[in-house]
Amino acid sequence: MWRSCAGAIAALGVALSGLPASAQQKTEISLSRQPGIFYMPTHIIEKQKLIEKHAAALGVPGITTKWITFSGGGAQTDALLAGGVDILNTGTGNLLLLWDRTRGGVKGIVACSAQPMTLISRDANIKSIRDFGPGDKIAVPTVKISTQAIVLQIAAAEAFGADQWSKLDANTVQLGHPDAYAALSNSKHEVHNHFSIPPFTFLEMKNVPGAHVVLNSPDVMGGPLSQAQFFTTTKFADANPKIIQAVRDATKEAQDLIRNDTRTAVEIYKEVTGDKTSVEDLLAWLKEPGMMEWNLEPQGTMKFATHLFKTGTLKSQPKAWTDYYLPVAHDLKGS
């Protein structure tokens, strides 16, 4: 993926260095996300037009938003680099890699959620990470750079030794979460394992014969890890500071709704996504451990960044999470 968009990264670097002081603020904002409960705050923001609401309150009326759903973070980052979208909502790995490759030209706005990611297998012979053989394929949203792929690397380093962090990279295959769920549901499909996110985690455990948990991201990371967060180019942020503040304010309002009126939040999620899961099932799943981690502050991202720097994926080592987040978030107690 990085080889394919190297030209786009170079072009972005030129664009970032040439921003005129009088850049015109945009009135139509395009945003992207992926499928899954992780992104519930974005569904609420879209349905209730919260960015439009908070932008108007900040003195910028007439803003419109356009939401695009991609199957994986790689497609999202390509779209940002190509200028097809203004703001992304996707994983920590994608944020850090773009921050590094653009030399700080892409930064986070605020985090949205940090629910557990779960490596699920329907193969009875795979009970731990040590049981994967060369032919055992593991579905992740984007190979090598998605948050799931990198958590798998951290787990491999812990299980096999620090120099073996890439041991399972060759096992990973790129599938969006809905497609990975479909693969696990098909007993004849070659993919028997999926590093899953909610609601697919629960759907697989409920509906796929033999599905069982191999590992959870909190066990690997030592706590919650931000998976969904907003980020953008510093060029866009500099030209649209009130939009950036509106995104923060909108995200907080959406997170507050999820905590304070979870049923309404779930109903909005179902309406926007078309998810056929019952409201009662979704409400039950949100009561599971770690499922109400809806926070503006980044969580666990520096451990993530340290791994990427040690393995050479990041060329620059951030000294603090605030290096790769915009000042709008610097008052938060992130990690």
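The values are calculated or read from the model by the stated rules, or taken from the named source; none is laboratory data. Computed from a predicted model, the values in this text were never measured in an experiment. We place every Cβ from the backbone using ideal geometry, glycine too, and count neighbours over all the protein chains shown.
Filter the range 159-187 down to the residues that are of a type in the set (Phe, Trp, Tyr) and free of Cβ contacts under 8 Å to residues at least 40 places away in the same chain, then identify the one that is nearest to residue 72 (Cα to Cα).
At the first step, the residues of the range 159-187 found to be of a type in the set (Phe, Trp, Tyr) are 160, 165, 181.
From what's left, free of Cβ contacts under 8 Å to residues at least 40 places away in the same chain: 160, 181.
Working: 160: 28, 181: 14 Å.
Ranking the candidates gives 181 first.
I'd like to know if the range 195-202 contains one or more residues that are modelled with pLDDT of 95 or more and more than 19 Å from the chain's Cα centre (by Cα).
no
Looking for something within 30 Å of residue 27 (Cα to Cα), buried (at least 21 other Cβ atoms within 10 Å of the Cβ), aromatic (Phe, Trp, Tyr) and touching a Ser or Thr at 6+ places or on another chain (Cβ under 7 Å) - is there at least one such residue anywhere in the range 258-278?
No, the range 258-278 contains no residue that is within 30 Å of residue 27 (Cα to Cα), buried (at least 21 other Cβ atoms within 10 Å of the Cβ), aromatic (Phe, Trp, Tyr) and touching a Ser or Thr at 6+ places or on another chain (Cβ under 7 Å).
So which of 129, 44, 138 ends up being surrounded by fewer than 24 Cβ atoms within 10 Å (Cβ to Cβ), under 23 Å from residue 197 (Cα atoms) and not assigned by TED's automatic domain parsing to the domain that holds residue 242?
129
Yes or no: residue 232 under 22 Å from residue 65 (Cβ atoms) and out of contact with any Pro (no Cβ under 7 Å at 6 or more places or on another chain)?
When the stated conditions are applied, residue 232 passes them.
Can you spot a residue in the range 149-163 that is crowded, with 20+ Cβ neighbours inside 10 Å and part of a loop (DSSP other than H, G, I, E, B)? Break it down stepwise before answering.
So in the range 149-163, the residues crowded, with 20+ Cβ neighbours inside 10 Å come out as 149-156.
The next check asks that each one be part of a loop (DSSP other than H, G, I, E, B); those that pass are none.
Among the residues of the range 149-163, not one is crowded, with 20+ Cβ neighbours inside 10 Å and part of a loop (DSSP other than H, G, I, E, B), which makes the answer no.
Could you tell me whether the range 111-129 includes any residue that is over 25 Å from residue 224 (Cα atoms) and free of Cβ contacts under 8 Å to residues at least 12 places away in the same chain?
There is at least one residue in the range 111-129 that is over 25 Å from residue 224 (Cα atoms) and free of Cβ contacts under 8 Å to residues at least 12 places away in the same chain.
Does residue 319 meet the test of being charged (D, E, K, R) and under 23 Å from residue 233 (Cβ atoms)?
yes
Given the condition outside the structural domain of residue 209 (by TED's automatic domain parsing), under 19 Å from residue 152 (Cα atoms) and surrounded by 24 or more Cβ atoms within 10 Å (Cβ to Cβ), answer yes or no: does some residue in the range 52-68 qualify? I'd like the intermediate steps shown before the answer.
Let us first name the residues in the range 52-68 that are outside the structural domain of residue 209 (by TED's automatic domain parsing), namely 52-68.
Filter once more, so that each one left must be under 19 Å from residue 152 (Cα atoms): none.
The answer is no, given that none of the residues of the range 52-68 is outside the structural domain of residue 209 (by TED's automatic domain parsing), under 19 Å from residue 152 (Cα atoms) and surrounded by 24 or more Cβ atoms within 10 Å (Cβ to Cβ).
Conditions tested, residue by residue: (1) surrounded by fewer than 23 Cβ atoms within 10 Å (Cβ to Cβ); (2) outside any helix (DSSP H, G or I); (3) in contact with a strand residue (DSSP E or B) (Cβ under 9 Å, 6 or more places away or on another chain).
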site	(1), (2), (3)
194	no, yes, yes
209	yes, yes, no
214	yes, yes, yes
218	yes, no, no
226	no, yes, yes
231	no, yes, yes
249	yes, no, no
253	yes, no, no
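Out of (1) assigned to a helix (DSSP H, G or I); (2) over 22 Å from residue 145 (Cβ atoms); (3) touching a residue at least 60 places away in the same chain (Cβ under 8 Å); (4) more than 17 Å from the chain's Cα centre (by Cα), the odd one out for residue 323 is which?
Just one mismatch for residue 323, condition (2).
Looking at 168, 152, which is the one that is touching a Leu at 6+ places or on another chain (Cβ under 9 Å) and under 23 Å from residue 89 (Cα atoms)?
152
Quick one: in the range 69-87, which of the residues that are among the aliphatic types (A, V, I, L, M) and farther than 22 Å from residue 257 by Cβ is surrounded by the fewest Cβ atoms within 10 Å (Cβ to Cβ)?
Pass one, the range 69-87, residues among the aliphatic types (A, V, I, L, M): 75, 79-82, 85, 87.
Filter once more, keeping what is farther than 22 Å from residue 257 by Cβ: 75, 79-82, 85.
Values: 75: 18, 79: 19, 80: 26, 81: 25, 82: 13, 85: 24.
Top of the filtered list is 82.
Could you please let me know if residue 308 is at pLDDT below 95 and in the same structural domain as residue 240 (by TED's automatic domain parsing)? Don't jump to the end; show me each part of the working.
Values: at pLDDT below 95: yes; in the same structural domain as residue 240 (by TED's automatic domain parsing): yes.
The answer is yes for residue 308.
Return yes when residue 306 is among the hydroxyl-bearing types (Ser, Thr, Tyr) and in contact with a strand residue (DSSP E or B) (Cβ under 9 Å, 6 or more places away or on another chain) and no when it is not.
It is false that residue 306 is among the hydroxyl-bearing types (Ser, Thr, Tyr) and in contact with a strand residue (DSSP E or B) (Cβ under 9 Å, 6 or more places away or on another chain).
Sort through 138, 145 and tell me the only one that's under 16 Å from residue 93 (Cβ atoms), in a loop (DSSP other than H, G, I, E, B), in contact (Cβ under 8 Å) with a residue 24 or more places away in the chain and β-branched (Val, Ile, Thr).
Testing whether each residue is under 16 Å from residue 93 (Cβ atoms), in a loop (DSSP other than H, G, I, E, B), in contact (Cβ under 8 Å) with a residue 24 or more places away in the chain and β-branched (Val, Ile, Thr) leaves just 145.
Listed residues 264, 251; which is in the same structural domain as residue 106 (by TED's automatic domain parsing), under 16 Å from the mean Cα position of the chain (by Cα) and within 26 Å of residue 48 (Cβ to Cβ)?
251
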